[in-house]
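I have placed the structure first, in the form of structure tokens, so that the comments after it can refer back to it.
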Amino acid sequence: MTSNTSQGRTKSSAEPPTFVPEHSNPTIEQLAEALSTIAQKLADAGTSPSADTVASSELQRLDEEMRIKRTLVQLKETRTELLHIERALAELALRNGFTLRQVGVPLGVSLSTLSKWKANQRFFTDESTSV
């Protein structure tokens, strides 16, 4: 592509700009050193963590945190279910003539807890067993 200038000469705009230092002509070694420095800076910039890498690691950390929280909630729910099962077993055993000691030792429940469970039965009341 050419264009006319004010002096009537044509100038090509497709020519790449050239580097001409003002004071001296650089040697090939100087140019090689400058290119090497630029290449090293580009390589260093490529190895530093980018915004995508930082965001990805933050997402991974949040995902791990959510999995831990979910596991803790499930653990609490499982413990609650286990407590209900233990209590139902204890109440059933006590209703069938087992002593507090016979029931407490295998379940790992103290005698005072078993006494409270026996006094305040949840699962096996008189209405539920009289069918």
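The values are calculated or read from the model by the stated rules, or taken from the named source; none is laboratory data. Because the structure is a prediction, the values reported are computed rather than measured. So basically every Cβ, Gly included, is an ideal-geometry build from the backbone, and we count neighbours across all protein chains shown. Remember, those area values only see protein heavy atoms, side chains included, never the ligands or the DNA or RNA. Shrake-Rupley method; radii C 1.70, N 1.55, O 1.52, S 1.80 Å.
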Counting Lys and Arg as +1 and Asp and Glu as -1, what is the net charge of the other residues whose Cβ lies under 14 Å from the Cβ of Arg61?
-2
Per-residue HN-Hα couplings for the stretch 93-109 [Karplus 6.51, -1.76, 1.60; θ = phi - 60°; Hz; x = Gly/Pro]
5, 5, 5, 8, x, 6, 7, 4, 5, 5, 8, x, 4, x, 7, x, 10
Give the accessible area for Arg122 in Å² (nearest 10); use a 1.4 Å probe, count only protein heavy atoms, and leave out ligands, DNA and RNA.
140 Å²
³J(HN,Hα), Karplus 6.51/-1.76/1.60, whole Hz, each residue of the stretch 60-68, x for Gly, Pro
5, 5, 5, 5, 5, 4, 5, 5, 5
What accessible area, in Å² to the nearest ten, does a 1.4 Å probe give for Ile38?
90 Å²
